[in-house]
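Reviewing the structure listed below.
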């Protein structure tokens, strides 16, 4: 589940402190629900900080942001893929069982329709003199 975040970067190279946090050149992500309204206002008004409001997921390593709607769609698709994988496995198992059942039925049919001559004993040969 994604949250509303502030992504904050300091303009000064040595970093900057505000609202109880230290900010550097590397973006810092703070969920909005962890800040008071006055902290949010103070951070946004500070000229030494670059503050971006973002709703969605954020990867601090790569700096990539993903909008909440895209994150939700990805999660839904992941669930669908997982469900389809399970369904596929079940269908494969059902197919193998049906193949075995068909082979057994074909064997039974072949035995039932075999010519009678194969099952009857051969007549005794007479000895001619």
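The values are calculated or read from the model by the stated rules, or taken from the named source; none is laboratory data. In this text the structure is predicted, and so the values were computed from the model without any measurement. Cβ coordinates were reconstructed from backbone atoms using ideal geometry, including for glycine residues, and neighbour counts include every protein chain displayed.
Could you identify the single residue in 70, 66, 29 that is in a helix (DSSP H, G or I) and modelled with pLDDT under 90? Spell out how you get there, then give the answer.
Numbers: 66 fails: in a helix (DSSP H, G or I); 29 fails: in a helix (DSSP H, G or I).
The match here is 70.
Being surrounded by fewer than 14 Cβ atoms within 10 Å (Cβ to Cβ) and over 35 Å from the mean Cα position of the chain (by Cα) is the requirement here; does residue 37 meet it?
yes
Of the residues screened, residue 78 is not one that is outside any strand (DSSP E or B), under 13 Å from residue 5 (Cβ atoms) and modelled with pLDDT under 90. Looking at the range 1-25 only, could you name the residues that are part of a strand (DSSP E or B) and touching a residue at least 12 places away in the same chain (Cβ under 8 Å)? Result: 3, 4, 5, 6, 7, 8, 9, 10, 16, 18, 21, 23.
Could you check the range 35-53 and list, in sequence order, the residues that are in contact (Cβ under 8 Å) with a residue 24 or more places away in the chain and outside any helix (DSSP H, G or I)? Passing the criteria: 35, 46, 47, 48, 49, 50, 51, 52, 53.
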